[in-house]
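To start, the structure itself, in structure tokens.
The values are calculated or read from the model by the stated rules, or taken from the named source; none is laboratory data. All values derive from a computational prediction rather than experimental measurement. We place every Cβ from the backbone using ideal geometry, glycine too, and count neighbours over all the protein chains shown.
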Amino acid sequence: MTISKQLKTTLSSLKSAHASLESFALETESQTAKQMFSQFADQTKAIVEGIEARIQEIEAQEPQYRAR
């Protein structure tokens with residue numbers, strides 16, 4: 001499996017985790033838990049954005065890894 005494919009798989013998993021964390025933040029009644037889940041969702045979003053940027057760099061440098 002190429003690095004590009006591994007990054008895309010990881011990105012997909014992180015997006016799912018991000019959505020789950022946002023859902024938990026909305027569904028819980030505990031303000032402490034809401035804040036915690038929101039903070040984790042924000043951190044996950046930053047990681048997702050970083051990985052998306054890296055995938056774009058890889059695809060720009062190595063055109064064969066672009067999605068078809």
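Can we say residue 4 is modelled with pLDDT under 95, assigned to a helix (DSSP H, G or I), at negative phi and of a type outside the set (Asp, Glu)? So residue 4 passes the test. Within 10 Å of the chain's Cα centre (by Cα), among the basic types (Lys, Arg) and modelled with pLDDT of 95 or more, is that true of residue 45? Yes, satisfied. Within the option set 57, 52, being assigned to a helix (DSSP H, G or I), modelled with pLDDT under 95 and not polar (S, T, N, Q) holds for one residue only, 57. A single member of 30, 12, 4, 20 is polar (S, T, N, Q), out of contact with any helix residue (DSSP H, G or I) (no Cβ under 8 Å at 6 or more places or on another chain) and closer than 22 Å to residue 61 by Cβ, and it is 12.
Residues that are touching a His at 6+ places or on another chain (Cβ under 8 Å) and polar (S, T, N, Q) within segment 24-68 comprise just one, 44.
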